[in-house]
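Notes follow the structure.
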Amino acid sequence: MKRIAVSIQNRVFAESVLLMFRQTGDFRPIRIPSKPPEMILIECQAAEPEIILMDVTPTSPDMSLEGRLSLIRELHRELPECKIALLCDEIAYPELARDVMRAKQTGQIDAFYYASVTAEYLTAALDAL
């Protein structure tokens, strides 16, 4: 059973994702705050997840791709074995979605998913990480 930390700003969406992970039986999901970065780092150090799923949006500096990548560099230093995946709304933010894809291509993140993926695909893909 994989420990997965979920850091998603929208509370309703975050709770849906957590419920989905619990129902599979393959994950032990942990909800952590979506900001500030310092709190995310502290929570992840305490929980020691195997995977961190964070959303990325252009709505604030902490939630932007640059903000998330800065946090990810710190997380990799503290939790080198932890896989990090970003979730992005490709319909609302198509340019951001392309930038997130490029972050995966350059090895800055382990995986990315668009918000439009099915629950089954998301859980299967994260379980395969």
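Side notes on the structure shown:
- Matching entry among 103, 97, 119 (being at pLDDT below 95 and either of a type in the set (A, V, I, L, M, F, W, C) or open to solvent by 60 Å² or more (accessible area, probe 1.4 Å) (or both)): 119
- Yes/no for residue 90 being at positive phi and touching a strand residue (DSSP E or B) at 6+ places or on another chain (Cβ under 8 Å): no
- Residues within the range 71-94 that are open to solvent by 50 Å² or more (accessible area, probe 1.4 Å) and not acidic (Asp, Glu), tallied: 9
- The one condition in (1) in contact with an Asp or Glu (Cβ under 8 Å, 6 or more places away or on another chain); (2) closer than 18 Å to residue 5 by Cβ; (3) outside any strand (DSSP E or B) that residue 97 fails to fulfil: (2)
- Residue 68 passes every criterion in (1) in contact (Cβ under 8 Å) with a residue 24 or more places away in the chain; (2) buried (at least 19 other Cβ atoms within 10 Å of the Cβ) apart from (1).
- The set of residues in the range 1-14 being outside any helix (DSSP H, G or I), over 22 Å from residue 94 (Cα atoms) and open to solvent by 20 Å² or more (accessible area, probe 1.4 Å) consists of 1, 2, 3.
- Qualifying residues in the range 15-47 (those that are of a type in the set (D, E, K, R) and more than 21 Å from residue 123 (Cβ to Cβ)) - the one most open to solvent (accessible area, probe 1.4 Å): 38
- Among the conditions (1) touching a strand residue (DSSP E or B) at 6+ places or on another chain (Cβ under 7 Å); (2) within 19 Å of residue 72 (Cβ to Cβ); (3) assigned to a helix (DSSP H, G or I), residue 38 misses just one, which is (1).
- Remark: pairs (first residue in the range 11-25, of a type in the set (Phe, Trp, Tyr); second residue part of a helix (DSSP H, G or I) and surrounded by 11 or more Cβ atoms within 10 Å (Cβ to Cβ); Cβ separation under 8 Å; 6+ apart in sequence or on different chains) = 21/123.
- Candidates in the range 45-59 are the residues that are among the aliphatic types (A, V, I, L, M) and not in a strand (DSSP E or B); of these, the one that is nearest to residue 30 (Cα to Cα) is 47.
The values are calculated or read from the model by the stated rules, or taken from the named source; none is laboratory data. All of these numbers come straight from a predicted model, not from anything done at the bench. Neighbour counts are summed over all protein chains in view; Cβ atoms, including those assigned to glycine, are modelled from backbone coordinates with ideal geometry. Quick note on the areas: whole protein, heavy atoms, side chains included, nothing else; ligands and nucleic acids left out. Shrake-Rupley method; radii C 1.70, N 1.55, O 1.52, S 1.80 Å.
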